[in-house]
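Heads up, the thing below is written out as structure tokens.
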């Protein structure tokens, strides 16, 4: 990609943002501060409210209450909304949204023509934008002659050609195959870093969000369940819903007894360094999360490892190992990795790293 002209992105502040449709609350009092040049991913299942939030940021919908600020300007409230074209935005959509009757150059230059930019400057900036996304010399091509990945690059060039302060992405890579998604995701992050613009990226893909964003907001039922750096989401999930949505491991019902967890017939002593901050002194109901990799085949050796015995239920081969499902006498089977073929019904010793167990108190 060509060298970019660095543009400082805008700060975005969201305060007590609500959006309701009749009796249905889609966004429920959101607060969010985005620093200039920061990349935020909105990650959540379909219908959680992330696309509604993006539309309000874009000026395509208006909040029922609350405010959205870009820099020092309030751009959205229940009684006020700045037009999308006056917000300094660029948008990239899932379906590319390219005009078939225009060539690549025409599509990319459209935002500049709408702003009354002269032909010579438009042509120069279009070529710069195409070079930034790796499409040099393709301005005369028709969108229909391009691959899906190339069409999305055109859409990205169109979004950045006007040098926006805020870029909005609505699941832009979901129509592409896995390998292309991964490569474009890496390129997009590098480009956003070069440009320096603020970005909000909507996706339901966990890996995509974590590869691209500085912070990830897990959105469920119109609320932020956790807003954190990607590594913190995986290592310190804030709630069982976050752990379940991210598929971080197995959740088991448990009791807390002041210094240990009781899980079915087993008693696990809690290591001092992971003593749950939310655990009360008295007995309490809750759940424990066994993250992937915390449970391993083999005898327990060393401190803070609990011996577990189980019966093999099934196996399937994936990515250099066997995913092995084992009945350990809990409410549900657990998955453990094996490099060897095991047979259904076979009894196997396992060990659990107790320093990796997470406790979630029962919701009030």
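Give me the angle, in degrees from 0 to 90, between the Cα long axis of helix 148-160 and the longest principal axis of the Cα atoms of the chain, rounded to the nearest 10.
60 degrees
What's the FRET efficiency of residue 114 with residue 25 using the Cβ-Cβ distance as r and R₀ = 25 Å, to the nearest 0.05?
Numbers: r = 35 Å, r/R0 = 1.41.
FRET efficiency, residue 114 to residue 25: 0.10.
Given R₀ = 35 Å, what would the calculated FRET efficiency be for residue 292 paired with residue 214, taking r from the Cβ atoms and rounding to 0.05? Present the calculation step by step, with values, prior to reporting the outcome.
Working: r = 24 Å, r/R0 = 0.70.
The calculated FRET efficiency here is 0.90.
When only Cα pairs under 8 Å and 6 or more residues apart are kept, what is the percent relative contact order across the range 12-235? Display every interim value, and only then the final one.
Values: 432 pairs, mean separation 64.4, N = 224.
That works out to 29 percent.
Report the label-to-label distance for residue 337 and residue 313 in nanometres (one decimal), using points 7 Å from each Cα along the Cα→Cβ vector.
2.1 nm
Given points 7 Å out from each Cα along the Cα-Cβ axis, report the residue 264 to residue 82 separation in nanometres with one decimal.
Result for the modelled spin labels: 5.8 nm.
Hey, what did the range 248-361 get for relative contact order, percent, Cα under 8 Å, at least 6 apart? Could the numbers behind the result be given before it?
On the way: 258 pairs, mean separation 36.9, N = 114.
Contact order relative to length: 32 percent.
Nearest 10 degrees, 0 to 90: what angle lies between the long axis of helix 119-132 and the longest principal axis of the chain (Cα atoms)?
20 degrees
Among 74, 210, 185, 197, which comes first, then next, by fewest other beta-carbon atoms within 10 Å?
On the way: 74 15, 210 19, 185 22, 197 28.
Least crowded to most crowded, the residues run 74, 210, 185, 197.
Pick the calculated Rg/Rh (Cα atoms, Kirkwood Rh) for this structure from (i) 1.07; (ii) 1.00; (iii) 0.95?
Matching the structure shown: (i).
Just round it to a whole percent: the fraction of Cα-Cα distances in the range 248-361 exceeding 21 Å.
Values: 2284 of 6441 pairs.
Every Cα pair in the range 248-361 considered, those over 21 Å come to 35 percent.
What's the angle, to the nearest 10 degrees (0 to 90), between helix 178-195's Cα axis and the longest principal axis of the chain?
60 degrees
Coordinate-derived values only; no laboratory data. The shown structure was predicted, so the numbers you read here are calculated from the model rather than taken from an experiment. Don't worry about glycine lacking a Cβ; one is built from the backbone with ideal geometry, like all the others, and counts go over all protein chains shown.
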